[in-house]
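The values are calculated or read from the model by the stated rules, or taken from the named source; none is laboratory data. Only a predicted model underlies this, so the values are computations on that prediction, with no experimental measurement involved. So basically every Cβ, Gly included, is an ideal-geometry build from the backbone, and we count neighbours across all protein chains shown. What goes into the accessible areas is simple: the full protein's heavy atoms, side chains included, and nothing from ligands, DNA or RNA. Shrake-Rupley method; radii C 1.70, N 1.55, O 1.52, S 1.80 Å.
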Amino acid sequence: MSLPKQPSSGSATVYNYGSINIDHVYRVPHLVRPGETLSSTDYQIVLGGKGANQTIALARAGGQVSHWGQLGRADDWALETLKDAGADIDDVALLESASGHTVIQVDDEGENAIVLFGGTNQSFTPERIDELLTGADKGGWLLLQNECNDIDVVIRQALERGLKVAFNPAPMTPAIRELPLKDLALLFVNRGEAAALVDIDEQSDADALIEALQTALPGVNIVLTLGSEGAWRIDGERGDTLYQPARPVQAVDTTGAGDTFIGYYMAALQAGNDASTCLERATAAAALAVQRAGAATGIPTVDEVETFLKIAARPS
Ligand code: ATP
């Protein structure tokens, strides 16, 4: 078995135009009722946002990632987490306004209620977007999700400037279908996103989802993740498919599984690995993440993934 390639200093940078979210999580005996003042029994502040999670995963995988983001100055502590993971945070701007954040109540039954404020994730100006794209190396990758404003502008301008665009349409909205998806270098979708994108039943089997995606987006490389049912990679040029089963593990918390998968896939791709190695590494990393509580905190390091892969490869 040949060893997977690791990113080198010559690898094309991945620029991640991505959300950074601060989750304020309150433990409550029940979800607060209209007009009620309720004491919380526990309070935690957690770094979140699909953008930040994918950057952390890419960096922990050993990839070279520059996060394009915005954060309220009061939350600058969050930058340390991205930096400690190994991400380049030079292009995260600190603004005087409120960060993107959520106020989350979790009750004793595990039920939750969430208020989301887009904040700085939704206030990128045309000038800032132009500045970020102008500073990007030609031939680099742009990765993005759907939690920051003006992704249509960012995608179109990135394509015009010769960047390869990898897109994860999460959360899915009707406007996604109007984007130039046929020009993407790579599309990451989970079951719900795939079904919404091609307008078929979410419970459709993998073959039906793949066929519908191939028909809607011929020529696009697509990675379809199906939770514990594994992941598929559709080759846009040749039209063939690769399947990687999920690792049989005991899942504790699947939040962030998709973000971990995407970060590890992008890092393996950046290093020049073939699609099957990318799938294998992303799947191993996601399997480790689902066995831990939390999203960003559950993202494994590259050493943990290497160890997991070695143990899994041993004959039983
Ligand atoms: P999330 O939104 O929860 O971050 P997602 O819906 O974007 O995740 P999924 O398709 O659920 O993404 O999962 C991504 C990958 O994570 C899967 O392809 C698989 O490799 C791994 N995974 C997810 N759930 C499990 C599980 N229960 N056991 C093992 N691996 C899992």
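Listed by chain and number, the lysines placed with their C-alpha closer than 19 angstrom to that of Lys5 are Lys310; residues fewer than eight positions away on the same chain are left out.
Sorted largest first by accessible area at a 1.4 angstrom probe radius, with every protein chain in place, the residues Val25, Val223 fall in the order Val25, Val223.
For the stretch 235-309, give the percent of accessible area contributed by carbon and sulfur heavy atoms, probe 1.4 Å, rounded to a whole number. The value for the stretch 235-309 is 50 percent carbon and sulfur by accessible area.
Rounded to the nearest 0.05, what FRET efficiency do Leu94 and His30 have when you use their Cβ-Cβ distance and R0 = 35 Å? My answer for the efficiency is 0.40. In the chain, helical runs assigned H by DSSP with n ≥ 4 each contribute -39500 (n - 2.57); averaged across all residues and rounded to the nearest 500, the mean residue ellipticity at 222 nm is -9500 deg cm²/dmol. Apolar share of the accessible surface for the stretch 96-198: 51 percent from carbon plus sulfur atoms, 1.4 Å probe. Packing here is the average count of other Cβ atoms within 10 Å per residue, and on that basis the peptides 29-40, 74-85, highest first, run 74-85, 29-40. Rolling a 1.4 Å probe over the protein heavy atoms gives the chain an accessible area of 47 Å² per residue.
For the chain, the ratio of Cα radius of gyration to the globular rule of thumb 2.2 N^0.38 Å stands at 0.99.
Just for the chain, what percent of DSSP beta bridges are antiparallel, to the closest 5?
40 percent
Once the chain from Ile200 to Glu178 is taken as fully extended at 0.36 nm per residue, the excess over their C-alpha distance is 6.2 nm.
Listed peptides 44-57, 240-253, 264-277 appear in the order 44-57, 264-277, 240-253 once ranked by packing, highest mean of other Cβ atoms within 10 Å at the front. Measure up Lys83/Lys138; Lys138/Lys182; Lys83/Lys164 against 22 Å on the Cα-Cα distance and list the ones that go over. From the list (Lys83/Lys138; Lys138/Lys182; Lys83/Lys164), the Cα-Cα distance tops 22 Å for Lys83/Lys138; Lys83/Lys164. According to the square roots a ≥ b ≥ c of the eigenvalues of the Cα gyration tensor, what is the shape class of the stretch 1-119, taking rounded for a/c under 1.5, prolate for a/b larger than b/c otherwise, and oblate for the remainder? Note, shape of the stretch 1-119 comes out prolate. Convex hull volume of the C-alpha atoms in the stretch 177-243, normalised per residue: 71 Å³.
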